[in-house]
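A.B. asks: The structure under discussion is supplied below as structure tokens; questions concerning it will follow.
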Amino acid sequence: MDPGVYTYTIAAVAPCVGDAATVTVTENAATNAGTDGTLTVCSSGAAVNLFNSLGGLPQGGGTWSFGGAAHGANYDPAVDGPGLYTYTVIGTAPCTNATATVTVSENGSPNAGSDGSVSVCSNGATVDLFAQLGASPDGGGTWSGPSAITGSTYDPATMDPGVYTYTIAAVAPCVGDAATVTVTENAATNAGADGSLTVCSSGAAVALFNSLGGSPQAGGTWSFGGVAHGANYDPALDIPGVYTYTVIGTAPCTNATATVTVSENGSPNAGSDGSVSVCSNGATVDLFAQLGASPDGGGIWSGPSAVIAGQFDPATMDAGTYTYTLDAAPPCAGSSAAVVVSIEALGDAGEDGAATVCSGAATVELFQLLGGSPQTGGTWTGPGGPIDGSFDPGSDPEGTYTYAIAGTVCPSVTAQVIMTVGSGPDAGIGQSTSLCSDAGTIDLFDLLSGSPDAGGVWTNSAGVVIPSTFDPASSAGGDFTYSLEGSDDCPGDEALVTIAVSIAPRPGNPGSLELCVSSAPISLFDGLTGTLDAGGVWTGPDGQAHATIINPATDGPGDYTYTVAGVPPCANASSTVTVFISPLPDAGVDGSASLCSSADPVNLFGLLGGAPQADGVW
């Protein structure tokens, strides 16, 4: 910013008048010692001028110090020590002295250690090449060689053997250093991958080597249970188990082993034939459990429908003959057995029903009241015992009547008809009520007392059918009739509801007035908007009655409430005018200040006198 006169102004809310005050600023040129710098030298290098390592635009003529003691303008690695060297330029008041520093560090010649070597196996673990160097090498160098290297790790699985060089660079004029590690790699032994061999107990001898996986090397040895064994497995002499193949490795590569797990099969037993009868909606049946003669597991099923896990599901599968087959590894022979499945259809008693009839109605056939597609030929049972399926409202009791279809394999199925004997519909008892026009909508059905039946219709005094929802905001009220039609020789019924509606009071919409303490008196009604009823009363922020006119010079700010009385059942209604009264502004007393161009920023507000308000602008 530029020096000069700065004016502070505070605006006022009309009709009040604003205020202003000034601060006068003068400025002196600041000293400049430049910006901090760094200097790196070799411990055997020549003397260096410290001034050239400062940043910015430092003034000449300053002085140097180190550790609080005066120092010359040059740094000599032969006699001086690294550290923080300070350059100082004296300033003219009120500007302060200026300082900047040069941080000096020294580098020596690095040590990459002495050459080394290492032997690894092609499938061995990774090796740290840095650990193979001698003579305590320095860290922080880089590696290069036949393969790209991450860090200092050599991985036989992905990298090539050869000479890998470790290099440490140096800062001029110091000289870098390098050392090498020679890597040799031996091929890993390969005994192949584990395998398995299944033979028939009466079969010929078999070469174990042919059952290994992968690409095993020849020339290894076989063992069983830790004892040497020949290269063949003979079912007539040997026993099933794990046979181990071993190939000797050349150091540092270890020996390699792989195994062949031998099992023997005999002729399988599929058991003897069986049969089973199931219901069409019954649980799943385990076909394997229907076979006789202790069959062997592990076979497969075939038949009219696909079989999953040996289970027969009557809901999704067809009846018929299902065959269980056990295959055998040659030269052993397979085996099979069959299960004959028959399915009985589940009876259908239909779906439950219900009916309400008047006591004078004709006889009802209960079968006609069942839902769905019930089978004929079932039996009926009622509250009094078995019946022939006819219900007489004049003599038979109310209650549950059960229709049953018996099954042989399937369980019996039933459906029920609930019979109710009534005297006719009930529209309830009508009532009279009063509502306010600002009340919410109501359901006319809720104004009926007693035990009214649902399903009727509402009509107004003109006989026009109307919805059951009544809105006092749009209707003046009147008489409303709820009617239920009769049926089955039962007469209809109706009830009358009378509603009176009172108009809700209107106090207008809330608002506000912004006044100055010197403003003229004004009507509080000027702060309300919208439609309002006359005849209400005003109360002030203290809850006491207040006149319609407000005087800013004598009345206080706050909420002034206008209340209009309501005619029951309507409640009183109120609306609020929020009054704001602003005081006269005060910008304080003029001030001044003398500052240096490099001084910290100054808060002009603090240079004003008096008691200025803090919400003005500069």
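A.B. asks: Give me the net charge of Ser147's neighbourhood, meaning all other residues with Cβ under 11 Å from the Cβ of Ser147; Lys, Arg count +1, Asp, Glu -1.
C.D. replies: Net charge in that neighbourhood comes out at -2.
A.B. asks: Still on this structure: Does the range 436-553 come out rounded, prolate or oblate by the C-alpha gyration tensor, with a ≥ b ≥ c the root eigenvalues, rounded set by a/c under 1.5 and, if not, prolate when a/b is larger than b/c and oblate if not? Write out the running numbers ahead of the final one.
C.D. replies: Values: a/c = 5.15, a/b = 4.44, b/c = 1.16.
It is prolate, given that a/c is not under 1.5 and a/b is the larger ratio.
A.B. asks: From the P(r) of the range 406-463, could you give the percentage of C-alpha pairs in the tail past 14 Å?
C.D. replies: 74
A.B. asks: Next question, about the same structure. I need the per residue convex hull volume for the range 324-432, using only the alpha carbons, in cubic angstrom as a whole number.
C.D. replies: So the per-residue hull volume is 179 Å³.
A.B. asks: Add +1 for every Lys or Arg and -1 for every Asp or Glu among the other residues with Cβ under 14 Å from the Cβ of Val206, and state the total.
C.D. replies: Here the count lands on -3.
A.B. asks: To continue, here is another question. Of all DSSP beta bridges in the chain, what percent run antiparallel (nearest 5)? Write out the running numbers ahead of the final one.
C.D. replies: Values: 119 of 166 bridges.
Percent antiparallel among DSSP bridges in the chain is about 70.
A.B. asks: In addition: Say R0 is 56 Å: what FRET efficiency, to the nearest 0.05, do Ala404 and Ser294 get from their beta-carbon distance?
C.D. replies: Here the calculated transfer efficiency is 0.85.
A.B. asks: What is the local net charge at Ile168, summed over the other residues whose Cβ is closer than 13 Å to its Cβ (Lys, Arg +1; Asp, Glu -1)?
C.D. replies: -2
A.B. asks: Okay, next question. Just to confirm, what accessible area per residue do you get for the chain at 1.4 Å probe, in whole Å²?
C.D. replies: Details: 32680 Å² over 618 residues.
With the other protein chains kept in place, the chain gives 53 Å² per residue.
A.B. asks: Another question about this same structure. Any idea how far apart Ala14 and Asp446 come out in nm if each label point goes 7 Å out from Cα toward Cβ?
C.D. replies: 5.3
A.B. asks: Another one. At 25 °C and a viscosity of 0.890 mPa s, what translational diffusion coefficient does Stokes-Einstein give for the range 295-372, taking Rh as the Kirkwood radius over Cα pairs? Give it in µm²/s as a whole number.
C.D. replies: Result for D is 142 µm²/s.
A.B. asks: What share of the DSSP beta bridges in the range 348-505 is antiparallel, in percent to the nearest 5?
C.D. replies: Of those bridges, close to 75 percent are antiparallel.
A.B. asks: If you consider only alpha-carbon coordinates, what radius of gyration and Dmax does the chain have, in Å?
C.D. replies: Values for the chain (Cα only, Rg and Dmax): 54.2, 133 Å.
A.B. asks: For the range 537-600, which chymotrypsin sites (Phe, Trp or Tyr not before Pro) pass both filters: DSSP loop (anything but H, G, I, E, B) and at most 16 other C-beta atoms within 10 Å?
C.D. replies: Numbers: sites: Trp538, Tyr560, Tyr562, Phe580; in loops: none.
Nothing satisfies the criteria.
A.B. asks: To continue, here is another question. Return the FRET efficiency for the residue pair Val517, Phe605: r is the Cβ-Cβ distance, R0 is 25 Å, and the value is rounded to the nearest 0.05.
C.D. replies: For Val517 and Phe605, the calculated efficiency is 0.55.
A.B. asks: Compute the separation of the alpha-carbon centres of the range 298-363 and the range 1-66 and state it in Å as a whole number.
C.D. replies: 98
A.B. asks: Label points 7 Å out from Cα along the Cβ direction at Ser263 and Val79: separation in nm?
C.D. replies: 9.3
A.B. asks: For an R0 of 30 angstrom, estimate the FRET efficiency from the Cβ-Cβ distance between Thr103 and Ala29 and round to the nearest 0.05.
C.D. replies: 0.60
A.B. asks: Please list, by residue number, everything in the range 467-511 whose backbone N is under 14 Å from a paramagnetic label point 7 Å out along Cα→Cβ of Thr459.
C.D. replies: 467, 479-486, 492-497
A.B. asks: Return the inverse of the average 1/r over all pairs of distinct C-alpha atoms in the range 501-558, which is the Kirkwood hydrodynamic radius, in Å to one decimal.
C.D. replies: 12.8
A.B. asks: Determine the gain in length on full extension of the stretch Asp155-Asn232; use 0.36 nm per residue of separation and subtract their C-alpha separation, reporting nm with one decimal.
C.D. replies: Stretched fully, the Asp155-Asn232 segment lengthens by 23.8 nm.
A.B. asks: Under the Kirkwood approximation for Rh and a Cα-based Rg, what ratio Rg/Rh is obtained for the range 52-180?
C.D. replies: The Rg/Rh ratio comes out at 1.28.
A.B. asks: What is the ratio of the Cα radius of gyration of the range 491-600 to 2.2 N^0.38 Å, with N the residue count, to two decimals?
C.D. replies: 1.96
The values are calculated or read from the model by the stated rules, or taken from the named source; none is laboratory data. It should be emphasised that the depicted structure is a prediction, and the values quoted were computed from it without experimental measurement. A quick note on method: Cβ atoms are made from the backbone with ideal geometry, for glycine too, and the neighbour counts reach across all protein chains shown. The accessibility values were calculated without ligands, DNA or RNA, using every heavy atom of the protein model including side chains. Shrake-Rupley method; radii C 1.70, N 1.55, O 1.52, S 1.80 Å.
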